[in-house]
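Each remark here refers to the structure printed beneath this line.
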Amino acid sequence: MKNYDIYGFKTSNLLVLAFAFFFLDCQQNKAPKVEIRGIYGNPTAFWDRGINLKDLGVNAVFVHSGAINQKMTGRAKDEGLKIFAEFATLNGKNYVEEHPEAWAINNKGERVEAATWFMGVCPTEPGFREYRFTQLRNLLQEFELDGVWLDYVHWHAQFEDPAPVLPETCFCDNCLTKFSTDTRIQLPKGTTQEKAQWILSNNDSSWRDWRCKVIFEWANEMKSILKEEMPDALLGLYHCPWKDDEYNSASRRILGLDYDLLVEVIDVFSPMVYHGRMERSPEWVGDNIKWFSDRLDIQKNNGPKIWSIVQASNHPNVISSDEFETVLRGGLSGKASGVMMFTSYAVAEDKGKTEIMRKVYTSLREQSE
Ligand SMILES: [Zn+2]
């Protein structure tokens, strides 16, 4: 082929360059290797049935921090499993009952009611902040973990049910003062209800931005504690899987999740794609994870990672084994590099689901070796 000079380049050089870009592009768009084949819930669900998790292809256990003990971490390590602690962050029914000063306040100036089973604590109340930060530090000092997965990191609301509960909070004195100080917005005199109304009518966008920063600061504070106590451990986040525009943008507007902020401190995002509980189709899981992969723009910033959590549990409706396979595979779509299911018990008590998990996980293990 004859080479022509174009702006000093030979066409052959241009072809080489074009090929190199094409190759790079293919590399960037390739799905990442699956590194986490997890379960969420107590591993004793399997151990008590005489099942070794390695035989099922599992390599990671995510378990509520309150359920962790030395025996569990010891056996998990012996079986070569990574162990991650779920850490309930802003959920605290018992806490607010004992410490009413941390009760979240709605736009009528009243204490919020529980959002079905969730009771969000006011995230700016100093006593509660100290309590949770100490609790995390104690956990990290007691157990050797591979990471901590923050759960319930959002303002008081309920997103896991088919009919979400999305109230306006928190207008307690701590929040009003901090909002005013941080944003230098002078609040009018009046009742809590009047102040809330004034904010929502006149400074809605500053209020939403500020609320997102409060949630981000929680994640940031948790990351600092983790880095001090356990520098190699990962910080994960269980979170609402809604797209940006769902429920009138409630993910940011009400829950206070701002992914553009959270990517700064979260190592691994775990969207809670509970299709049954949210009355979505099993195929929705894969679509959602693809959307979220693009939303985080993972290929460009080389992280964070996505390890999805899918539903195996038969509440409120039965999830069939076939459906479980669809959501387990769907959870690994897009750029996800790990998956786990809610819960270990739901799989362990069902031979069909256990077999699906073994089939999917052992084949993923073979591919990764
Ligand atoms: Zn508050």
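Projected label points at T116 and K213, each 7 Å from Cα along the beta carbon direction, are separated by 3.3 nanometres. Full extension of the segment from N203 to K93, taken as 0.36 nm per residue of separation minus the current Cα-Cα distance, would add 36.6 nm.
Relative to one another, the C-alpha centroids of region 175-246 and region 294-369 are positioned 31 Å apart. Residues whose amide H lies under 5 Å from that of E86, counting only those 5 or more places away or on a different chain, are V63, H64, S65, W149; hydrogens are built 1.01 Å from N in the peptide plane.
Taking the Cβ-Cβ separation of R365 and D78 as r and a Förster radius of 22 Å, what is the calculated FRET efficiency to the nearest 0.05?
0.75
For K108 and E144, a Förster radius of 45 Å and the Cβ-Cβ distance give a FRET efficiency of 0.45, rounded to the nearest 0.05. Which aspartates and glutamates have a Cα less than 18 Å from the Cα of K351, not counting those fewer than 8 places away in the same chain? Answer for K351, where 18 Å is the Cα cut-off: D48, D55, D322, E323, E325, listed by chain and number.
Extension gain, E349 to E264: 0.36 nm times the residue separation minus the Cα-Cα distance gives 26.7 nm. In a DSSP loop and with at most 16 other Cβ atoms within 10 Å, the GluC sites (Glu not before Pro) in region 256-335 are E264, E279. Across D244, D173, D182, mean-square fluctuation computed from a Gaussian network of the chain (C-alpha pairs under 10 Å connected) peaks at D182. Here's the list of lysines a cross-link from K223 could span, going by alpha-carbon distance under 27 Å and ignoring same-chain residues fewer than 8 apart: K33, K71, K77, K82, K93, K178, K213, K243, K290, K300, K305, K335. With Rh defined as the Kirkwood radius, the inverse of the mean 1/r over Cα pairs, the Rg/Rh of region 210-369 is 0.99. Close amide-amide hydrogen proximity is noted between L234 and G147, V148, each under 5 Å apart and 5 or more residues distant or on a separate chain (H modeled in the peptide plane; Pro and chain starts excluded).
Taking a sphere under 15 Å around the Cβ of E97 and counting the other residues whose Cβ falls inside, with K and R at +1 and D and E at -1, yields a net charge of -2. Using a ≥ b ≥ c from the Cα gyration tensor of region 36-368 (square roots of the eigenvalues), is it rounded, prolate or oblate, where a/c under 1.5 gives rounded and otherwise the larger of a/b and b/c decides, a/b for prolate? It is prolate, given that a/c is not under 1.5 and a/b is the larger ratio. Backbone geometry of region 209-216 corresponds, through the Karplus equation with coefficients 6.51, -1.76 and 1.60 at θ = phi - 60°, to 3J(HN,Hα) couplings of 4, 5, 4, 5, 5, 4, 5, 4 Hz, x marking Gly and Pro.
Relative contact order, whole percent, for region 36-368 stands at 19, derived from Cα pairs under 8 Å and 6 or more residues apart. Modelled spin-label separation between D297 and K54, with each label point placed 7 Å from Cα along the Cα-to-Cβ direction: 4.3 nm. Between S180 and S224, the FRET efficiency from the beta-carbon distance, with R0 = 22 Å, is close to 0.30.
Laboratory data are not the source of any read-out in this text; all were calculated from the coordinates shown. Quick caveat, the model's predicted, so the values are computed rather than measured. Reconstructed Cβ throughout: ideal geometry from the backbone, glycine too, with neighbour counts over all protein chains shown.
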